[in-house]
Amino acid sequence: TDLGNGYQRITCNLDATGNDFGLAFIDVIDVQGVGNIPNLTNLYLYGNLLTQFDISLPNSLRYLGLGSNQIVTFNPSIALPSSLQYLDLPGNQIVTFNPTVALPNSLNYLWLYDNQMTTAGYTASEPWANAMSFIAGRGYVDFTNNINSASGTTLETILISKGWSVVP
């Protein structure tokens, strides 16, 4: 569908039987209906124009790749699947990471490198970290290559106290 100004809408009706699905580097601005893909375990939406992510996801999802989009604040209003182990958000414009809906305890890897986080953003992100339960050897949070380092911040201390290994 031609939307004018050089933009077009592509509608994909999926009947997926596999467990991987990706729409990468094609300027996607919105995604809907992914929650209806049975047995989906890996969703790759890299290099698009997503500014937010608030879609229903299947309970089978283990990996969510949202790198290199234009997300400024990651705060979905819909709970992420309890099976999610990898949340990949590098290369966005994230200033604050403070989801008000609890992240699943299954989460082992959270990649927030190459974003726009500053010391103020880390402070604003503390409520999310405080709300998490402690799980020994939980996994890794990577904050490298943000505007400011997470090293020495209260957020780093909180995450370590919750069982995370932090790459500041």
Taking the range 33-55 and keeping residues open to solvent by 70 Å² or more (accessible area, probe 1.4 Å) and either assigned to a loop (DSSP other than H, G, I, E, B) or under 17 Å from P99 (Cβ atoms) (or both) leaves P38, N39, T51, Q52
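Considering every residue within the range 18-41, establish whether at least one is within 11 Å of the chain's Cα centre (by Cα) and of a type in the set (S, T, Y).
No, that holds for no residue.
Being assigned to a loop (DSSP other than H, G, I, E, B), open to solvent by less than 40 Å² (accessible area, probe 1.4 Å) and farther than 20 Å from V28 by Cβ is true for just one of L103, L110. Which residue is that?
Every option except L103 fails the conditions.
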S82: hydroxyl-bearing (S, T, Y) and under 23 Å from W164 (Cα atoms), yes or no?
-> yes
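Only one of I135, I147, I160 is in a helix (DSSP H, G or I), more than 25 Å from D27 (Cβ to Cβ), of a type outside the set (S, T, Y) and open to solvent by 50 Å² or more (accessible area, probe 1.4 Å). Can you tell me which? Show your work before the answer.
Details: I135 fails: in a helix (DSSP H, G or I); I147 fails: in a helix (DSSP H, G or I).
It is I160.
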Could you tell me whether any residue of the range 84-91 is within 21 Å of M132 (Cα to Cα), open to solvent by 40 Å² or more (accessible area, probe 1.4 Å) and more than 12 Å from the chain's Cα centre (by Cα)?
-> no
Of the residues S125, S165, which is more than 18 Å from T100 (Cβ to Cβ), among the hydroxyl-bearing types (S, T, Y) and either modelled with pLDDT under 95 or open to solvent by 40 Å² or more (accessible area, probe 1.4 Å) (or both)?
-> S165
Collect the residues in the range 17-32 that are open to solvent by 30 Å² or more (accessible area, probe 1.4 Å) and part of a loop (DSSP other than H, G, I, E, B), keeping them in residue-number order.
-> T17, G18, N19, L23, A24, F25, I26, D27, I29, D30, Q32
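The values are calculated or read from the model by the stated rules, or taken from the named source; none is laboratory data. These numbers were taken from a predicted model, which means no experiment stands behind them. Don't worry about glycine lacking a Cβ; one is built from the backbone with ideal geometry, like all the others, and counts go over all protein chains shown. For the accessible areas, the whole protein counts, side chains as well, though only heavy atoms, and no ligand, DNA or RNA atoms are used. Shrake-Rupley method; radii C 1.70, N 1.55, O 1.52, S 1.80 Å.
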